[in-house]
Amino acid sequence: QYGLVLLPGTYTFTAPEGSKYLSHGDDLELTITPGEHSQTPIEFNQSYTEAFETAAVDQIEQRLESCLADSTIRVDDCEAASWEDTGWNAMTDMQRTWEQPPEIELVPADPEADGETDLTQYSGPVTARVVDGSISVSYQVRDDEDDDWMDRDRVYAPFQTNGFEPMEFPITLDGEEIKIDYSALDQYNPSWLSQEFRD
């Protein structure tokens, strides 16, 4: 608050020790010349490391692989990907693959900082957005037991919510542990399921 009186010379201020996912930046160097009065404060700002973004994206991508469950209409670990062809009485042999793999974008959760996408300059709450991402499902259908099974396929986008907004996962950092709220994946789209497969 009141500053320091320094003799002329070059001074190095050591940055506080960071962690795997948080950094206080590099050491700061200040050179004082005779008669100089500096108004520039020496301060360190906490921010996320590149390792944080990489680890969070990897964790989410692994979690989204559960959305590709085969041979089931309701996907236990990814209800958002639950889907059936409601135009037929029976379905079988469902196989899910990525039509377009989802891309994960980490952004500040604070709306006022939303334009600041460089997390290495930010330390506040973070949200992961699932950008794009669609599933191709192949399956067989029939109406009656005596009918032959017929091949069908469809593409659908399970990660779009509230009028095609990207699905979001809040992220918190607890020490060295990245915690991600996947609750958005627990909601299925009722228009994609017959009454039989709804809760």
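This table checks each residue for (1) open to solvent by 90 Å² or more (accessible area, probe 1.4 Å); (2) assigned to a loop (DSSP other than H, G, I, E, B); (3) under 27 Å from L185 (Cα atoms); (4) at pLDDT 90 or above.
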residue	(1), (2), (3), (4)
E36	no, yes, no, no
N45	yes, yes, no, no
Q59	no, no, yes, yes
E65	yes, no, yes, yes
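Spot the failing condition for W149; the list is (1) open to solvent by 50 Å² or more (accessible area, probe 1.4 Å); (2) at pLDDT 90 or above; (3) farther than 26 Å from T97 by Cβ; (4) not acidic (D, E), and only one is missed.
(3)
Looking at the stretch 152-170, which of the residues that are assigned to a strand (DSSP E or B) and aliphatic (A, V, I, L, M) is surrounded by the fewest Cβ atoms within 10 Å (Cβ to Cβ)?
Here the residue is V155.
Please pick out the residue among E84, E79 that is farther than 18 Å from F169 by Cα, buried (at least 16 other Cβ atoms within 10 Å of the Cβ) and modelled with pLDDT of 85 or more.
Just a single option satisfies the conditions, and that option is E84.
When you scan the stretch 163-199, how many residues do you find that are within 21 Å of R74 (Cα to Cα) and free of Cβ contacts under 8 Å to residues at least 12 places away in the same chain?
Matching residues across the stretch 163-199 total 7.
The values are calculated or read from the model by the stated rules, or taken from the named source; none is laboratory data. Owing to the predicted nature of the structure, the values given are computational and were not obtained by experimental measurement. Neighbour counts are summed over all protein chains in view; Cβ atoms, including those assigned to glycine, are modelled from backbone coordinates with ideal geometry. To get the accessible areas, we keep the full protein, side chains included, count just its heavy atoms, and leave off ligands, DNA and RNA. Shrake-Rupley method; radii C 1.70, N 1.55, O 1.52, S 1.80 Å.
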